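Below: the structure, in structure tokens.
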Amino acid sequence: MKRIISLLIAAAIAAVALFSLTVSAANEYHINVGTKNTDDLRQDCSFYLGVTFRTGATPIKVTQLGRYKINGNAGTHTVAIFDLSDMSAPLCSASVDVSSAADNTFAYGEVDKQVVLSPNTKYAIYSMEETNGDFWYNSFRNVSERPYDIFFVNWTYYFNDGNAPTMGDESVDTSGCGFVGLDIKYTYPSNESTTSNPELFAIKNPSNGLRHDCSFYLGGKITVGDKDIVVTDIGRMCWEGNQMPHNLYIADASSKKIIASAVVDMNGKTAGGYVYAKLDKTVTLEAGKSYYLMSYEHYDGDNWAEASFDSKAEGNTYVSFSNWAYLLPGETEYAGDPNGGEYSYVGLNLKYQDPESGASVPTSDLIGLAAVIVSLAAVPVIIIARSKKHEN
């Protein structure tokens, strides 16, 4: 009987593990593919040294921080990211032990807390160095592998005293050179869609082909019919060769206020289908109102549709596209064609809760529920087995 109970428990655990494996982890990226700019090695400072950087249009979630290992380095360093508008404490930090890393590579440490860096914001990453400790590069050319996410700016150092740090002059092009050699690993704060909710639109082939010559928000204006509609997920069509992240949002057309947003990561996705992400909050689109559905695109980045014909998907009697739209950098007013009809830029979509069938349950919730059911299924058997043992 004990063997049977053990097998049942093991089966339940295996089932939970199996269900857990069906939830895919987000892609993790790193930034720095730079190399030393000079052979000028130093070990004469006991404070924070590093480099400033700017984030792109997409928020990123920091998971690990790294420091470059030079031959002979064997110490542990506190690597930290600061918001330059508030130097009182780091946003996050990591303890990075370089002793076990290969020479001329980055060593990494998990951050003490995963923070989301805001779009289009300047930050600094530092490493705490010690006099007569590990050597570091006086000039490390930081080259961003994904400059649309993070762009390195200039050198900086900080005495960790709450006062403003010293930074290089941005008017002088240093090609991203900074002190030490530091790196960031990150994901996008995106929950890939796990709902079985229906789609609002059925895209047709772009009538004017594909483009990738803009660095701003593009999309379309949608108008709700005579019934409110609850939307849960937002999506972007994956065109051939797409592999970048895109910040998507819904904005109220009257107030211009963004009411919900998400990041979709096209990397590794199959061309010809929508890539969805769960909205940061479920929102109700009100009857009779209009909204903007937008995606941030990158110059020389992913292709997008110049004129996407977005007809209503089967069952959608609630929302239609009424105009294509774009929002130039620094502007607050959306531009578009009032006679755009069911055409829009890019190829965007929404998932909604069908009022006729009721709200669907996200797949992730079903997975969790199934795992609990499988786990609990073994409990009555164990109780019964114990009861029989007492009866004997």
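Any read-out appearing in this document is the output of simple, stated calculations on the displayed coordinates, not a laboratory observation. If you're wondering where the values come from, they're calculated on a predicted model, not measured in any experiment. When we count neighbours, we look across all protein chains shown, and the Cβ atoms used for this are built from the backbone with ideal geometry, even at glycine.
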Task: Charge context of Pro198, other residues only, Cβ under 9 angstrom, K/R +1, D/E -1 - done: -2
- [ ] Please list 254-265, 73-84 highest first by mean number of surrounding beta-carbon atoms within 10 Å per residue.
- [x] 73-84, 254-265
- [ ] Averaging over all projection directions, find the projected area of the Cα convex hull of the stretch 76-126 and quote it in nm² with one decimal place.
- [x] 4.2 nm²
- [ ] Could you work out, for the stretch 191-353, what percent of all Cα-Cα pairs fall into each 10 Å distance bin, beginning at 0 Å and stopping at the bin that holds the largest distance?
- [x] 12, 45, 37, 6, 0
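For the stretch 96-171, what is the Kirkwood hydrodynamic radius in Å, using each pair of distinct C-alpha atoms?
Hydrodynamic radius (Kirkwood, Cα pairs) of the stretch 96-171 is 15.2 Å.
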TODO: Express in whole angstrom the spacing between the alpha-carbon centres of the stretch 54-90 and the stretch 121-156.
DONE: 8 Å
Task: Residues listed by number, the stretch 315-339, amide nitrogen under 18 Å from Cys214 label point at 7 Å toward C-beta - done: 321-339
TODO: Report, as a whole number in µm² per second, the diffusion coefficient that Stokes-Einstein gives for the stretch 29-187 at 25 °C and 0.890 mPa s using the Kirkwood radius over alpha carbon pairs.
DONE: 162 µm²/s
Task: At q = 0.12, 0.17 Å⁻¹, base-10 log of I(q)/I(0) for the stretch 199-279 (Debye sum, equal scatterers on each alpha carbon) - done: -0.40, -0.82
